[in-house]
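The values are calculated or read from the model by the stated rules, or taken from the named source; none is laboratory data. Here the structure is a predicted model, which means the values were calculated and not measured. When we count neighbours, we look across all protein chains shown, and the Cβ atoms used for this are built from the backbone with ideal geometry, even at glycine.
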Amino acid sequence: MTLDDSEVLPYRQLHGAKGSLHPEAGPCFVCEGRFLVESALESGRKGDLRVLSVLASPAVAASLGSLPEGTKLLALEEETLHELVGFPFHRGILCAVATPPEPPEAQFLAANRLVVLPHVDNVDNLGSILRNAAALGIDAVLVGRGPGVFERRTVRVSMGAAWSMPVWQREDPAPLLEAWRTNGGEVIGAALVPGALDARAWQPAARTALVLGPEGHGLNAAWLAHCDRHVAIPMARSMDSLNVAAAGAILMFQMMES
């Protein structure tokens with residue numbers, strides 16, 4: 001295996017890269033580190049993902065168990081691996097996964113607990129929100145403008161939730177949310193606005209979509225108007241707000257407990 005082999009194309013110059021491309025399978029994403037790779041391989045064995053290849057140092061490659069059918073094992077010496085990815089890579093193992101198709105919209109329309117992100121301005125926040133949503137049992141996430149669900153850092157920060165969590169991404173997520181609401185559902189905006197309900201008193205409806213705005217400015221006027229009600233987390237010690245992923249986790253927990 002050399003740096004000229006077409007199979008290593010998805011792994012080239014990963015620093016700052018948003019997505020990857022496989023010479024045969026097309027768009028794909030890269031998982032870094034043992035935990036994410038093992039998680040992707042398990043999904044591959046179940047048929048939920050198509051793991052195209054695993055790239056590892058010879059020592060790590062020798063320690064791997066069986067791979068999903070069709071997954072190629074690639075090995076490079078550590079120094080060559082660093083050169084390939086474009087930075088000192090000390091986790092020892094990566095894998096390339098074909099970007100999976102989006103779930104059917106019917107699954108979204110049938111969901112009872114949704115998180116909607118009209119505009120995400122930070123890839124780490126997107127990854128964290130997906131991880132929180134998956135861990136807390138949210139049914140589905142609808143993402144608007146901003147980082148991609150399968151960008152390298154989204155996948156890494158989400159700890160695999162990017163593929164284990166049902167996610168839809170639209171340039172304008174409002175029409176799909178409105179289609180969901182026609183089947184009976186309440187849209188709740190997280191916003192520090194006059195008249196917002198204290199989160200401690202919030203009782204989510206049987207079908208609830210929680211809308212979270214971007215970190216810097218929150219929900220804009222159009223999205224505030226989309227919401228049936230607004231909810232806010234009271235602040236102490238003169239703090240004006242929480243990080244959107246932290247606030248989302250608190251509100252998601254309450255959604256699932258109600």
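A few points about this structure:
- In the condition set (1) more than 20 Å from the chain's Cα centre (by Cα); (2) closer than 30 Å to Asp48 by Cβ, Met235 is compliant with all but (2).
- Screening Pro166, Pro175 for residues that are at pLDDT 95 or above and more than 16 Å from the chain's Cα centre (by Cα) leaves exactly one candidate, Pro175.
- Annotation note: Cβ proximity below 8 Å between a residue of the range 173-193 that is farther than 14 Å from Arg113 by Cβ and a residue that is acidic (Asp, Glu) and surrounded by 12 or more Cβ atoms within 10 Å (Cβ to Cβ) (sequence gap 6+ or interchain) occurs for Leu176/Glu105; Ala179/Glu105.
- Single condition Val54 does not satisfy, out of (1) buried (at least 22 other Cβ atoms within 10 Å of the Cβ); (2) closer than 14 Å to Val155 by Cβ: (2)
- Whichever residue in the range 211-241 is under 15 Å from Leu126 (Cα atoms) and surrounded by 13 or more Cβ atoms within 10 Å (Cβ to Cβ) and, among such residues, is modelled with the lowest pLDDT: Glu215
- Restricting attention to the range 114-160, the residues that are part of a helix (DSSP H, G or I), surrounded by 24 or more Cβ atoms within 10 Å (Cβ to Cβ) and among the aliphatic types (A, V, I, L, M) add up to 5.
- Considering residues of the range 79-95 that are part of a helix (DSSP H, G or I) and in contact with a helix residue (DSSP H, G or I) (Cβ under 9 Å, 6 or more places away or on another chain) only, the residue surrounded by the most Cβ atoms within 10 Å (Cβ to Cβ): Leu81
- Residue list for the range 72-87, filter: in contact with a Leu (Cβ under 9 Å, 6 or more places away or on another chain), over 9 Å from Gln13 (Cα atoms) and of a type in the set (D, E, K, R): Lys72
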